[in-house]
Each structure stands twice: as structure tokens, then as C-alpha cells.
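Read through the structure below, which is laid out as C-alpha cells, and then see the notes.
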Amino acid sequence: MDLRICHLYPDLLNLYGDRGNLMALAHRAQWRGIDVHVEESRLGVSPAPGAHDLYFMGGGEDRQQVLAAADLRERKREALTDAVARGAVVLAVCGGYQLLGHYYRSAEGEELIGLGLLDVTTEHPGPQSKRLVGNIVVRSPWLGGRTLVGFENHGGRTRLGPNARPLGTVVTGFGNNGEDRTEGAVSRNVYGTYLHGPLLPKNPALTDHLLTLALRSRHGPIALASLDDRLELAAHSAALVRATSRT
Amino acid sequence: MPSTLRLAPAVILGKATAVASRALRLGGGTTMPGRVARAVAPDITRQLAARLPQGCVVVTGTNGKTTTSRLIHHILQLAGLRPVHNRAGANLAAGIVTALVQHTDWRGRARGDIGIFEVDEATLPAVWDPLQPRAVVLTNLFRDQLDRYGEIDIVAGRWRAVLDGRPPGETVVIFNADDPLVSDVGAKFAGTTVPFGIADASCGAGTLEHAADARYCYRCGVAYEYTVVYFGHMGDYRCPQCGTHRPQPLIAAEHVELAGLQGSGFALRTPAGTAQVRTVLPGVYNIHNVLAAAACCLQLGVPLQTVARGVETFAPAFGRAERVRADGREAVLLLTKNPAGFNEVLRTVMRATGPAAGVVLIAINDLTADGRDISWLWDVDFEMLAGHVRSLVVSGIRADDMALRLKHAGVSSTVMTIDGNLSRAWDAALQAARNGEPVYVLPTYTAMLQLRKILQQRGLVKGFWEE
């Protein structure tokens with residue numbers, strides 16, 4: 001069995017240890033004997049539609065995000081729209097998440113048009129507003145009520161439309177906008193979230209869930225073998241403790 | 001009360017706080033005296049700084065501030081000056097006032113000639129106006145503590161704004177030509193600038209590493225082309241679109257010979273001639289620190305020979321390649337703060353140890369001074385440790401995260417010991433070291449302070465404020 005991953009903008013959107021997400025996906029598949037091919041798709045390149053089972057996009061600074069937004073619309077839209085239609089997985093973190101929505105309005109009021117693959121909009125309330133920064137814990141009912149742990153750092157406030165459901169409910173931290181207790185967005189197999197840390201190494205249940213969906217899109221239903229997750233779960237627990245401590 | 005009348009009580013209270021904080025064993029008293037003094041006289045920084053007959057110099061940037069400013073301090077002392085310096089890395093506004101208060105006598109007279117202040121890169125705008133520095137040294141800009149500073153472009157933007165408002169002729173800008181982001185700020189300055197850099201392609205590390213930050217031209221957004229990369233995004237770069245390129249360094253290191261943890265030697269080329277220098281500071285990143293300090297001291301009128309002698313006689317700052325002896329073994333303490341610095345430290349350690357021989361202790365904390373966001377661990381190339389260390393002890397508040405990162409780097413669990421308790425982790429590392437084999441200790445900032453405290457209680461090192 002093989003898994004084909006497309007890493008979008010590995011050198012442009014890589015702000016918060018995002019490559020850790022790639023490592024978690026690739027290693028957890030390889031540890032189960034699955035062949036993994038990772039293709040990096042940079043500025044100016046169009047991935048061939050149908051060529052990948054899972055697409056990942058990280059976060060970047062404002063300047064990088066502007067570069068990525070235009071390129072996404074011009075060079076990546078076709079492959080990603082096709083991916084959604086055939087049930088491939090798209091995972092985007094932070095800046096990448098914002099660009100999967102309808103638009104991102106920056107602190108200066110500049111509007112970046114997103115791909116609209118998630119029914120969300122993001123607005124930055126202005127340069128004087130507080131960034132939403134800190135350890136975060138989310139509970140995901142669709143993941144058996146499991147917790148997801150991570151760190152968030154964003155100025156933009158994201159609101160969900162009727163066609164997106166949240167990735168989870170905020171237990172500690174801010175989430176999408178610091179107000180409605182929602183975090184992230186899911187629509188079909190498209191996942192967006194503000195959690196980095198990076199997200200996947202410390203949340204093995206989510207990683208395996210995404211791997212299962214991605215493999216299923218081409219290989220049919222599969223059951224992943226279990227792994228020795230002692231280090232993963234220890235780091236997960238440590239992050240839970242950290243998120244609720246005061247220092 | 002007019003602010004000048006408040007000065008004397010502010011100084012007295014500040015000094016009394018320093019005495020009290022040490023007597024009560026609250027620590028080094030490196031910031032509290034300044035906080036107290038500023039509460040009494042908010043304008044105290046400006047007033048005390050103005051009393052320094054030769055003005056002051058500011059050193060800022062992500063990495064190398066402490067080492068560079070200590071080097072400048074040491075060289076200026078050799079040149080016969082009495083520098084006022086915020087040592088021990090107290091580089092926020094309160095730490096700077098504390099240094100000024102401590103170097104003012106009870107009657108308000110300055111007990112120093114010139115101020116050497118290392119300033120947190122995000123704090124620069126806040127202290128710029130009261131300090132009115134005659135020279136500023138810009139070391140580099142790396143991703144560091146993103147949760148605190150926002151993004152490095154924002155920091156660069158703040159520097160730009162500060163320098164734009166400065167009349168040319170009042171400040172000299174000394175900057176790292178090998179860092180494209182810093183150069184973009186420095187080279188734009190309307191007044192005198194002194195670019196420094198490495199002019200020896202043999203120091204190159206090959207290709208851009210993962211942690212590289214400023215890969216794209218600030219103006220065009222096009223990726224820089226590098227003919228040589230030293231580490232991180234430091235190197236000889238050019239934008240293929242607009243032609244922006246690394247400025248020719250005025251102060252340069254040529255014919256570099258790296259001697260692992262023993263330091264390095266190189267020819268220091270300056271407009272005043274060339275001097276052969278040796279430093280015990282290891283790694284390519286320390287060559288930049290030496291160049292920055294040399295450029296600054298030459299600019300202040302110190303003769304080249306004194307600069308060279310100062311570089312040679314300089315002992316490293318605490319935690320910056322400091323050596324500690326314990327139970328017949330040697331530990332080398334190498335502070336790690338961010339991916340680029342960590343990669344350099346790892347490379348230096350790997351060069352110094354034989355294959356599969358090293359004993360390494362990594363301690364990761366996530367307190368405010370370390371940066372609460374530890375995702376940067378995933379940008380460090382720990383892969384180079386896999387199969388190359390005999391024993392790896394992992395500690396600190398985020399020991400479990402570090403262990404997971406090492407698992408993904410391919411480090412075997414059989415060589416790993418995980419213990420969040422730093423005291424026990426230290427013992428485990430020493431035990432793993434055979435006689436004569438050094439232990440490499442790689443802590444984040446607060447883990448370093450914690451370890452210093454433990455070693456101090458065991459009588460192995462002095463308190464850092466005593467140095």
C-alpha cells in the first residue's frame with residue numbers, strides 16, 4: 001500500500017514547526033509498512049490533479065501569506081478542488097487554514113481571497129487588537145471525545161458559515177475567534193485549524209484518522225495497526241498539564 | 001516634584017533594592033532595582049545615560065547579543081575605559097536602568113565612561129529615545145519566541161522605523177552583511193554604516209537548512225540565490241529579480257580555521273589593516289559575534305592591536321560554551337534558544353565528538369524567557385544526532401515533547417533517558433560519561449539558569465552576577 005502526500009509551500013508556509021506534521025504523517029504510515037511519497041509543491045508549480053491522497057499546508061508570516069494566496073488561486077485551485085471532490089484529505093494550519101476559507105482581511109484591511117474550500121471567513125480586527133496566543137486544548141466529539149493539544153498564535157478571527165463544522169470545542173485557549181468556543185473547521189475531508197505545536201505528533205488519534213481517510217480515498221476501507229504511542233501520549237498529557245498551569 | 005529632584009531618591013532606592021535582593025537571596029537583582037528606580041523617576045534612563053561622558057552603544061538582534069556586548073565590554077576595558085554594561089542578559093528596559101543605577105554613585109555621579117547595552121530586539125524602540133545611542137550593532141534576525149514578538153518581519157520593521165527617525169551623523173549603524181533581513185535595514189540607513197561579514201566560502205555549510213528564515217527578497221518576494229550559506233540564512237545572497245545583494249563587508253573574517261569546540265582563528269580585515277586573531281568561542285556563529293564587537297570597538301577608536309588582544313583574552317559568557325568540572329568529568333554548557341542557534345551548536349558538538357561517542361543532555365523549558373511555544377524544536381535538525389550519540393538525556397518542563405521530537409529524528413529509544421527533573425538528569429548524564437569524556441549540555445535559557453542554581457548549590461560554579 002502507498003500514500004502520496006503533497007506538501008504545499010514547504011519553504012514559504014512553515015512558521016511553527018509545520019514540518020513536524022509531515023514527519024508524523026509519513027512516519028506513522030511507514031511504521032505500518034506503508035510506502036510514503038512526499039512531493040513538495042512550491043510557488044509557480046501546479047500539482048497534477050489526482051496525483052495525491054493528502055495535501056498539507058502550513059502557516060506563514062503576512063508577507064509569505066500574500067505570496068501564497070495568489071499562487072493558490074492561480075496554480076493550486078484545480079488540484080485541490082479535484083481533491084475535495086474525490087475525497088482526498090486536505091489539512092491546513094493557521095495561515096494555510098485562513099487561505100482555505102472565503103477570504104482573509106488583514107490588520108490593514110487588505111483582503112486576500114481564499115479558495116473557499118471551507119465555509120469560513122477570517123478578519124483581523126486591526127493592528128491594536130490582541131493576538132490570540134497560548135497553549136490550547138480542544139475536545140473533538142467526532143474523535144471519540146478525545147482532546148487535541150497544541151499552541152495557537154494568530155491575529156485573525158475566523159467565523160464558521162453553515163456549511164462548516166468546528167474541529168472541536170475549546171477547553172482552554174481561544175480557538176477560531178476567542179468568543180464562540182469553536183476551534184478549526186471541517187467540511188468533507190478538508191480540515192483547517194489554528195493548532196500548531198506542531199499539531200500531529202502529539203495528537204496521534206487525529207493523525208491516524210487523517211491517514212485512514214487519505215488511504216481510503218484510493219485503497220478502500222482499511223484498518224491501521226496500532227503503534228507504540230507511549231512517547232506521543234506522554235507529550236500529549238504534558239501539554240494538557242501545561243495548558244492548565246499558570247506559569 | 002520636578003523629575004531631576006526625583007533622581008537622587010530613585011538611585012538610592014534602586015541601589016538599596018539591589019543590596020536587599022541579594023541579602024534576601026532573591027537572585028542577582030538584575031532587574032528589580034531598575035523597576036524600583038523607574039517607579040520613582042520615570043525619566044531616569046535618559047538622565048543617567050546623559051551623564052555618561054562617551055555616550056552609549058546598543059547591541060541588538062536575535063542571537064549573539066550577550067557574547068557580542070561582553071566582548072565589546074572586555075575590549076573597551078583593555079583600552080582603558082570604564083564601561084557600564086547590563087550583564088547577565090538582563091536586556092529589557094528594567095535591566096538597562098539597573099545597570100545605570102549600579103554605575104551611579106550615591107550622589108548621582110556616573111562611575112563609568114561609556115554604556116554598552118544589549119537590548120532585546122523588540123525592546124529597541126522603547127529604549128532608543130532615552131539612550132540616544134552613538135552606535136547600534138545589529139547582529140541577526142532569527143525566529144525566536146514567536147509568541148512574544150510576533151514575526152521577524154515586524155521586528156525588522158520596528159528597527160527600520162527607529163533608524164528612519166534618526167538624523168544622520170548622530171548614530172553609526174554596524175550590521176551583519178551576511179543576514180539579508182538585517183542588511184535590508186542597515187544598508188538603508190542614511191548615516192554612516194559599517195557592514196561586517198565572513199569572507200571565506202570554506203565556512204559554508206552547503207545548502208539552506210530547514211530553519212532558514214529570510215529566504216525571500218524583502219522587496220520582490222523572490223527567493224534569494226546564495227553562492228555560499230554559512231548557517232541559517234546567513235551567507236552571500238543575491239535577489240535574481242531586483243539585484244539586491246549582500247553589501248561588501250567593511251570588517252571581514254578571511255582565511256577562517258575552525259577548531260571545533262576549541263574555537264577558531266582568522267584574519268580580521270579592517271580599513272585600519274589586517275590582524276590575525278584567535279578566539280576560544282566555538283562555531284561559525286561566534287565569528288559573527290567577534291566581527292560585530294571588533295567593528296564596534298574600531299568605530300569607537302580602539303586600535304586594531306587592542307581589539308585583537310581583547311578577542312584572544314576573552315572568556316565566554318555563562319552558558320555560552322562555558323566549561324564546568326565535576327567528579328573528574330567535564331561538562332560544556334551551550335545555551336540554545338532557537339533553531340538556527342541550536343543547529344550550529346549541534347554541528348559544533350558533532351564536530352567535536354567521535355562517531356557514536358557523545359553524551360548529550362538536552363533541557364527544554366517553555367517559560368516566558370524561553371518562549372512558551374516550543375514548536376521551534378521541530379525546525380531543529382536533530383536528525384544529525386541519530387546514530388551519533390552514545391547517550392542522550394532529555395530533561396526540562398517539555399522533556400516529553402523533546403523526546404518525541406528525537407523519536408521522529410530517528411534517535412533510538414535505547415540511548416535515550418527521559419527525566420524532567422534537571423538535577424537527576426545532570427547526574428544521569430555525568431554517569432553516562434566515561435572518564436575524560438565531556439558531557440554536552442544544551443539547555444534553553446531558563447533551564448540554563450535552573451542548572452546554574454543546581455551547580456551553584458553543589459559548589460561547582462559561582463552565581464552569575466558575581467562574575
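The values are calculated or read from the model by the stated rules, or taken from the named source; none is laboratory data. Remember, it's a predicted structure, so these values are computed and weren't measured experimentally. Every residue, glycine among them, receives a Cβ derived from its backbone with ideal geometry; neighbour counts consider all protein chains shown. Note: areas computed on protein heavy atoms with side chains; ligands, DNA, RNA excluded. Shrake-Rupley method; radii C 1.70, N 1.55, O 1.52, S 1.80 Å.
General observations
- Classified by the C-alpha gyration tensor, region A:172-247 has an oblate form. Its axis ratio a/c, with a ≥ b ≥ c, is 1.5 or above, and a/b does not exceed b/c.
- In the elastic network of chain A, a GNM with C-alpha springs shorter than 10 Å, the most mobile of A:Pro141, A:Pro166, A:Pro204 is A:Pro141.
- Theoretical ellipticity at 222 nm over chain A - DSSP helices of four or more residues, -39500 (n - 2.57) apiece, nearest 500: -8500 deg cm²/dmol
- Amide H within-cut-off set for A:Gly114, under 5 Å, with H built and near neighbours excluded: A:Tyr103, A:Tyr104
- Across region A:207-217, computed HN-Hα scalar couplings (Karplus, 6.51 cos²θ - 1.76 cosθ + 1.60, θ = phi - 60°) run 4, 5, 4, 5, 4, 4, 4, 5, 5, 4, 4 Hz from first to last residue, x flagging Gly and Pro.
- When the accessible areas of B alone and A alone are added and the area of the pair subtracted, with a 1.4 Å probe, the result is around 3300 Å², both sides summed.
- Ordering of B:289-296, A:70-77 by packing is B:289-296, A:70-77, highest average first (other Cβ atoms within 10 Å, averaged per residue).
- FRET efficiency, B:Trp106 to B:Arg458 (Cβ-Cβ, R0 35 Å, nearest 0.05): 0.45
- Residues with amide H under 5 Å from that of B:Val393, placed H, sequence gap 5 or more: B:Val360, B:Leu361, B:Ile362, B:Thr417
- Once the partner protein chains are put back, region A:1-41 shows a loss of at least 50 square angstrom of accessible area, versus the chain by itself, at A:Asp11, A:Asn14, A:Leu15, A:Arg19, A:Met23 (probe 1.4 Å, ligands and nucleic acids excluded).
- About its Cα centre, region B:3-312 has a charge dipole of approximately 1380 debye under the convention of +1 per Lys or Arg Cβ and -1 per Asp or Glu Cβ, with nothing else charged.
- With a simple spin-label model that places each label point 7 Å from the Cα along the Cα-to-Cβ direction, the separation between B:Asp164 and B:Ala39 comes to 3.7 nm.
- For chain B, adding -39500 (n - 2.57) for each run of n ≥ 4 DSSP H residues and dividing by the number of residues yields -11000 deg cm²/dmol at 222 nm.
- Percent carbon-and-sulfur accessible area, region B:320-466, ignoring ligands, DNA and RNA, probe 1.4 Å: 50 percent
- Close amide H partners of B:Val194, meaning residues 5 or more places away or on another chain with modelled amide H under 5 Å apart, are B:Val173, B:Ile174, B:Phe175.
- Cross-link reach list, lysines versus B:Lys65, counting only Cα pairs under 28 Å and skipping chain neighbours closer than eight places: B:Lys15, B:Lys188, B:Lys337, B:Lys453, B:Lys462
- Estimated distance in nm for a label pair at B:Glu257 and B:Glu330, the labels positioned 7 Å out from Cα along Cα-to-Cβ: 1.9 nm
- In order through region B:182-195: 3J(HN,Hα) via Karplus (6.51 cos²θ - 1.76 cosθ + 1.60), integer Hz, x for Gly, Pro: 5, 4, 4, 6, x, 5, 7, 5, 6, x, 6, 10, 10, x
- A 1.4 Å probe run over region A:2-244, with the rest of the protein chains in place, finds 35 Å² accessible per residue.
- Drop in accessible area of at least 50 Å² in the complex versus isolated chain, residues of region B:375-391, 1.4 Å probe: B:Ser375, B:Trp378
- Shielding by partners - mean other protein chain Cβ count within 10 Å, residues of A:225-232: 3
- Portion, in percent, of the accessible area of chain A that falls on carbon or sulfur, probe 1.4 Å: 50 percent
- Residue-by-residue Karplus 3J(HN,Hα) for region B:107-123, coefficients 6.51, -1.76, 1.60, Hz, glycine and proline x: 9, x, 8, 5, 9, x, 9, 8, x, 10, 10, 7, 10, 3, 4, 7, 7
- Modelled spin-label separation between A:Ser129 and A:Arg63, with each label point placed 7 Å from Cα along the Cα-to-Cβ direction: 2.4 nm.
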